[in-house]
Amino acid sequence: MLDIQPAQTEDDMTLRFIGTTSDDGDCPTLYEIPETDEYLVQGDRETDLQHLVCLRDVKPSETFVRVPRSLLARYAPRTPAPELVLQG
């Protein structure tokens, strides 16, 4: 059974703890942002320049973290995302 606990952010917004592959409370960890369709991933910052130069469409506000495949395989949602509706 998953141990689901709320976690507070700087803005006092609650995150829903989804899971971690760490045995000692260290990252990597996956959180759900309630009332959105977004997730927050905690992991080690990527510093390998060979990887960073391959990234596309990077905004100045973005950062990149490494997480093991097992974190996503174990805790990522298994239901399809809702279909996007474009308004024009």
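So if the hydrodynamic radius of the range 37-88 is defined as the Kirkwood radius over C-alpha pairs, what does Stokes-Einstein give as its diffusion coefficient at 25 °C and 0.890 mPa s, in µm² per second? Don't jump to the answer; show the numbers that get you there.
On the way: Rh = 14.0 Å.
Answer from the Stokes-Einstein relation: 175 µm²/s.
Students often check this: by mean Cβ neighbours within 10 Å, which of 47-54, 35-42, 14-21, 69-76 ranks highest, and how do the rest follow? Present the calculation step by step, with values, prior to reporting the outcome.
On the way: 47-54: 8.8, 35-42: 12.1, 14-21: 17.1, 69-76: 13.6.
Packing proxy ranking, top to bottom: 14-21, 69-76, 35-42, 47-54.
To the nearest 0.05, what FRET efficiency results for His51 and Ala73 with a Förster distance of 25 Å applied to their C-beta separation?
Once the sixth-power term is evaluated, E becomes 0.75.
Quick check: pseudo-label points 7 Å beyond the Cα along Cα→Cβ at Thr14 and Asp26, how many nm apart are they?
3.1
Tell me, what is the per residue accessible area of the range 35-88 in Å², probe radius 1.4 Å?
On the way: 5360 Å² over 54 residues.
About 99 Å² of surface per residue is accessible.
The values are calculated or read from the model by the stated rules, or taken from the named source; none is laboratory data. All of these numbers come straight from a predicted model, not from anything done at the bench. Neighbour counts run over all protein chains shown; Cβ positions are idealised from the backbone, glycine included. The accessibility values were calculated without ligands, DNA or RNA, using every heavy atom of the protein model including side chains. Shrake-Rupley method; radii C 1.70, N 1.55, O 1.52, S 1.80 Å.
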